[in-house]
Each structure stands twice: as structure tokens, then as C-alpha cells.
């Protein structure tokens, strides 16, 4: 028998570590070559780690939610035939670590959660969760005098109880009195208070999944980092709609790819960035970094409601066919959860299609550390004034809005407005007789 070290593989130039989200194989399980052993997650992408050999999993060196560096050994697989030496590394679990882990497990078992089924009193799911987390027994919980309706224990009641217990005030019943309203003076400013969330027996508390927590953090950080400003422009895309209707079937038959509007828009954005390279930058403290490559991110909604932004590298070097293939490939793999960590790295500008969900326009949040993002609105048939040498007349045209959010710290209104106008000009000048 021989032993093989399963290491965390390299997942892209900018990915140095990953979090273990789930072990698909347990110690003692048989593993076939190329079979997935565990699931991992980077900042944006979840993926699987397959085995390079077949054998028996004999050791897991890390647990769920542990962060592992690229190249670290994460498991040991026992194989048949040739000898494979196990290199000693910091990731190998030592006997002392095993003893500590056993002690932790024993301590966890000693703190049994409160059995709420033995109580005749009603407690909301939020109060139950807090009680379990703080190790509050059912008798202690029942001793709290609730300030809620019918004497129910509220979030404020139990938090006050926890605070008193930690400060040594003892497990005395806590009564939260109603606040006394003070007369308001002319120059007084209202105090900022957290808005209480009412939770009753009919409500459901759902913890955010890992990706939603990351998205939430990114969005708040972006708003706090960049000075968001928006510019909007309406675009006549009648020629594009006519051209696509005419060639989409032949395109799919020849190229084996569906032709959507997205690659057409991406092509126009890449051209406009070449004209205005001041959009293709990022900010690092007091320094501006001019990006050499034009890597377009395309925000995509996942079936579970989360968001991901795969990146089309060197988008300005692709023709329309190449752009369509890149868009379809990334879009399909995003929906199937097959994106690789490197697929979401290195973006320099992002495009999001809010029109997919019927929105006319939107005000998207910048994908840091970029300085701009373009939202594509829904294409609609609208009455419009058409100018001709013979005079103006009213006609039905296909139009859409482009919404450009940009970082006003480094992108002024002239540049932000000129860029989105140039995108519109490329789209309106689209040749309806163009060959693909």
C-alpha cells in the first residue's frame, strides 16, 4: 500500500486560498480517479476538488469552513502499488492537535441546548436562537419577564438578560419598561436608533448562504468606497434588432451558438473603452492604475438568486463570433455552477443586463476595484420622432436605456457621460447589412 497527498490545486493567478465548504467523501470511503472528494469556495466561485488517484480516503487534514492555502495537503488517500512518500507539512494534524479537538468536542456536548418543547411559554425563533447560542437554560428563559405582547420575551429582553448575567448582576428577571417620551426642543436632533425587527411565530428566520454574505459585504463596501454618479442615455437599436432577427438562425446553424444581444453590446463597450481608456482604471489609495487589458465582466443572476460576474478576457481582441462564444460559454457554466475561480478574476469594467428582468434602466453598484459599470435596459417598441431630409415624422422604433454608474472620485461627468454616449453611437451606427 502507498499513501498519496491530495493538495489544494492552483485555481488561477490571483487565487491563493479557498474555504472547504463540504466533504463529499468520508474517511474509509473508496475514491475513483477524477472523482470529487470535497467542495471548496473562493471569494466568488464554488468548485470541487477531484482525486488524482483511486484508493481509500484515510485522513482528512482540514474540516468544514477551514481556510486552506493553495498547495497545502488536505487529505491522505491510500492507494495500491508503488510507494508515495507523505511529505511532512504544517497542515498534518499532530497528536496534540487531535487531543485539543477532542476536548473541544467534549465541551460542546457538555453544553446542551435548551429543550424548548418542555416549556408551555411561547418563544420566538430569534429568542430561541439567542438562548441556544448563549447557553441559557429553559428555566432561566422562563424566568425572564417579557415586555412584549402577552408578556412574551423579546429580543431586547433576552439580550438585556445576557448582559446582566455577564456583568455579574445574576439571573434576575428582567423587565424592560416602555421608554418615556421627552419633550422635543427646537434645536434637538433625533437619536439614531436601530429599527427593531418584529419576529412572531409565523415568521421564518433564514441564515444567508456564504455567497449572499459575500455579495452583501461587497455591495456595502463599494457604496462606502466609491462616490457613485449615474448618467443615462436612450439608444435607438432598431438596426440591431432587425439584423439579429435576420441572421440568428443562420448564425446558430453555422457557429453552433445562439446569438443574443449581449455580445453585440459587449463589442460596443469594448470599442468605447479603447476610445476612453480613462474608464479602464482602478484606484489604490491615492494612486490610479491604468489597466492594459480590457477585461469585461458580465453580471449574471444564478438560479438560487445569487449574483456572479464571470470575465471575458481581452474582449477588445474578439470579433462578434468570438464574443458570442465567450458570452455563451461563461453564461452556461455560471448557471451550471461550473465556473473556475480564474473565470471571475481580473475584470476591469462590468456590464449588467437589467433588461432581462424587464427593467427599463437601473443604477448598478460598481464592482470594486473598478470605477464603472453599465446597465443595459429592456429593449422596447416606442413611438419616436424620425428625422429625414424630407422632414420629421413619427414612427415605431426599438429603443433602450443605458445606465452608466461611475466613481466620481476619478471619473468626472464629462468622461462618464462621453463614454456612455460613445457606446450609444456605436450601437446606433450598427450596419444592418453587416456580415458576421
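Just so you know, all these numbers are worked out from the coordinates, no wet-lab data involved. Not measured: the values here are computed from a predicted model. Methodologically, a virtual Cβ is constructed for each residue, glycine included, from the backbone with ideal geometry; neighbour enumeration extends over all protein chains shown.
Here the contact order of segment 212-428, divided by its residue count and restricted to Cα pairs under 8 Å and six or more residues apart, works out to 29 percent. Straightening the chain between residue 431 and residue 392 buys 11.8 nm, computed as 0.36 nm per residue apart minus the Cα-Cα spacing. Extension gain for the segment residue 368 to residue 159, taken as residue separation times 0.36 nm less the Cα-Cα distance, is 71.6 nm to one decimal. With R₀ fixed at 30 Å, the C-beta to C-beta distance from residue 16 to residue 208 puts the FRET efficiency at about 0.75. Go ahead and run the numbers for FRET between residue 418 and residue 143, Cβ-Cβ distance against an R0 of 51 Å, rounding to 0.05. About 0.15, to the nearest 0.05. Fully extending the segment from residue 301 to residue 380, taken as 0.36 nm per residue of separation minus the present Cα-Cα distance, adds 26.3 nm. Compute the Cα gyration tensor for segment 18-66, then decide on rounded, prolate or oblate, letting a ≥ b ≥ c be the square roots of its eigenvalues: rounded whenever a/c is under 1.5, prolate when a/b is larger than b/c in the other cases, and oblate in all that remain. Verdict is oblate for segment 18-66. The calculated FRET efficiency for residue 230 paired with residue 121, based on their beta-carbon distance and R0 = 56 Å, is about 0.60.
A simple packing score, the average count of other Cβ atoms within 10 Å per residue, orders the peptides 285-292, 247-254 as 247-254, 285-292, with the highest score first. What is the distance in Å between the Cα centres of segment 200-261 and segment 1-76? Distance between centres, Cα-based: 32 Å. With Cα atoms defining each centre, segment 279-303 and segment 370-402 are spaced 28 Å apart in the structure.
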